[in-house]
Amino acid sequence: MIHKNGNIDIHYELHGAQDDTTRPWIVFAHSLACASEMWRPQIAEFAGDYRVLTFDTRGHGRSSAPAPAADYANYHFDALVSDVETLLDTLNIEKPDFVGLSMGGMLGQAFAIKLPGRLKSLTIADSVCEWPAGSADTFASRVAQARQSGMQAVLQGSLDRWFTPPYRQSNLAEVDAIAQMILSTKVDGYAGCSYSIPRINFTAALAGIEAPILVMTGRHDPATTVALAKQIHEAAPGSTLNIIEGAAHLSNVEQPKAFNNAIRKFLQASS
């Protein structure tokens, strides 16, 4: 299904019994260079008792990927928040639980800060509230590779960061599914979001988020490390921290049972 926010088309999917209005809503926001399909293990888990919304962030999947404006304003997190806000308004989703991983976790933070009281809870997985010095150069280098040679140029490096070696070697189908999402990501979308991602700084504002917060990361995540997860946790008083053992960056794919169980436990405690 398509939601229009101005001239931007946002592809979204609904799962679970939509006619059962007693069920709460849970919204999932994906990583950079992925799409809503990365949430298959969570859709299978939560569609049985939640109404589930997944969507492709602008620049990704089947959503619009405009060429970045000169100032990248059409990929700033304010623009990404607007896509989600208008989508929730259109679907009459008032106060969902929100789960975001990596870029999706940054989007969740931006949304909760800009629209206080709009979320029932916020899960920030394998993400950051601000980046170490030099991160913008790292992202710019990857974009330059993608501009020159296509998304194939950043494929192997992404997979190496996103999964532990044992998982990559023994779960070929799952890794290939993610690889296909990376390869199908439009370079303009990758470039636009890669500009905005390393420029965030939500740290000081986290204390003002009203919703309960769960912070998670994979033990072996080389990018959004345990130390960076602890930074979010320490900046958000009352938040819960959960380290997913045996996982790198895409902890929801590599360790879906532990990931899902952590969310279940958090949602039950915060309801």
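The values are calculated or read from the model by the stated rules, or taken from the named source; none is laboratory data. For clarity, every value in this text was computed on a predicted model and none was experimentally measured. Note: ideal-geometry Cβ built from the backbone for every residue, glycine included; neighbour counts use all protein chains shown.
Structure notes:
- Within the stretch 211-233, residues that are in contact (Cβ under 8 Å) with a residue 12 or more places away in the chain and more than 12 Å from I243 (Cβ to Cβ) sit with their Cβ atoms under 8 Å from residues that are surrounded by fewer than 24 Cβ atoms within 10 Å (Cβ to Cβ) and of a type in the set (D, E), at 6+ positions apart or across chains, in these pairs: Q231/E130.
- Elements of the type strands (runs of 3 or more DSSP E) sitting completely within the stretch 1-115 and holding at least 1 residues that are buried (at least 19 other Cβ atoms within 10 Å of the Cβ), among the basic types (K, R) and modelled with pLDDT of 95 or more: these cover 51-55.
- Scanning the stretch 240-271 for residues that are in contact with a strand residue (DSSP E or B) (Cβ under 8 Å, 6 or more places away or on another chain), within 23 Å of W25 (Cβ to Cβ) and buried (at least 19 other Cβ atoms within 10 Å of the Cβ) yields N242, S251, N252, F259, A262, I263, F266, L267.
- Note on the stretch 210-231: residues that are more than 14 Å from S102 (Cα to Cα) and at pLDDT 95 or above amount to 8.
- If the condition is being part of a strand (DSSP E or B) and surrounded by 24 or more Cβ atoms within 10 Å (Cβ to Cβ), then the stretch 122-134 contributes L122, T123, I124, A125.
- A191 being part of a helix (DSSP H, G or I), surrounded by fewer than 19 Cβ atoms within 10 Å (Cβ to Cβ) and of a type in the set (G, A, S): no
- If you go through the stretch 210-228 and keep only what is hydrophobic (A, V, I, L, M, F, W, C) and surrounded by fewer than 24 Cβ atoms within 10 Å (Cβ to Cβ), you end up with A211, A223, V226, A227, L228.
- Hey, P68 in contact with a helix residue (DSSP H, G or I) (Cβ under 7 Å, 6 or more places away or on another chain) and over 24 Å from S271 (Cα atoms) or not: yes
- Residue list for the stretch 87-145, restricted to those being in contact (Cβ under 8 Å) with a residue 24 or more places away in the chain, of a type in the set (S, T, N, Q) and within 21 Å of A191 (Cβ to Cβ): S102, S127, S135, T138
- Residue within the stretch 30-46 that is under 16 Å from L115 (Cβ atoms), in contact (Cβ under 8 Å) with a residue 12 or more places away in the chain and of a type in the set (S, T, N, Q) present: no
- P166 vs. criteria surrounded by fewer than 22 Cβ atoms within 10 Å (Cβ to Cβ) and either in a loop (DSSP other than H, G, I, E, B) or touching a residue at least 40 places away in the same chain (Cβ under 8 Å) (or both): no
- Scanning the stretch 197-231 for residues being assigned to a helix (DSSP H, G or I) and closer than 23 Å to A248 by Cβ gives a total of 8.
- Restricting A146, A205 to residues that are over 18 Å from the mean Cα position of the chain (by Cα), closer than 30 Å to K95 by Cα and among the small types (G, A, S) narrows the list to A205.
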